[in-house]
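Comments concern the structure below.
The values are calculated or read from the model by the stated rules, or taken from the named source; none is laboratory data. It should be emphasised that the depicted structure is a prediction, and the values quoted were computed from it without experimental measurement. Neighbour counts run over all protein chains shown; Cβ positions are idealised from the backbone, glycine included. Keep in mind that these areas ignore ligands, DNA and RNA; they rest on the heavy atoms of the full protein, side chains included. Shrake-Rupley method; radii C 1.70, N 1.55, O 1.52, S 1.80 Å.
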Amino acid sequence: MLKSRAKSVLIFILGMLTFAVGYFFMSTFIIVEKPTQDGIIEDWGQICFWPDVDGLYASISPKGCYSTTCTHPTLQTGSAIVDVQNRKIQLEARFVLVKTSRFPFPCIDNCSGGGTVQFKLVPLIPNNYEVWFGDLKVGDLMPFSGRPTPRQCFENKS
């Protein structure tokens, strides 16, 4: 009976040790962290506009520098409202980013890991348009008529 009890205790200890080692490997190499409050970005880093055959496109990148190998965007959403009468484009965006582990490798030093939100805007009447992000005026957009409009970008330096 003593041998049976010692065997059961040994099996229990080995099982718990196996569980602890498995949890370490899962949390280090496989499982992605849950987003923290600082992983929710509702500010813009760059807003760009460019024409295509079927209309004008816009993209918004989050503010900050996020490595593509150590950051995973779990949510990229936004809205774009074009008010042709008042010549105003109202943009909103929200990014939820989580850190991922590359242990034992370091993160790649680039800033494209936050992703982008892209919009297809209705064809605009050639005129000057104010671009707004939330309550902040970003700048003025000037789509041309009859000729290709170059890519126009705004950088958030604040």
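Report, to the nearest whole %, how much of the accessible area of segment 43-158 belongs to carbon and sulfur atoms, 1.4 Å probe, protein only. List each step's numbers first, then the result.
On the way: 3570 of 6730 Å².
Summing carbon and sulfur atoms, their accessible area is 53 percent of the total for segment 43-158.
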- Query: In straight Cα distance, which lysines are under 16 Å from Lys88, not counting same-chain residues fewer than 8 positions off?
  - Reply: Lys120, Lys137
- Any idea how far apart Asn86 and Lys7 come out in nm if each label point goes 7 Å out from Cα toward Cβ? 8.1
- Task: Quick one: what are the phi-derived ³J(HN,Hα) couplings along segment 8-21, Karplus 6.51/-1.76/1.60 with θ = phi - 60°, whole Hz, x for glycine and proline?
- Result: 5, 5, 4, 4, 4, 5, 5, x, 5, 5, 4, 4, 5, 5
- Task: Report, by chain and number, residues whose modeled amide H sits under 5 Å from the one on Thr69, excluding near sequence neighbours (fewer than 5 apart, same chain).
- Result: Ile108
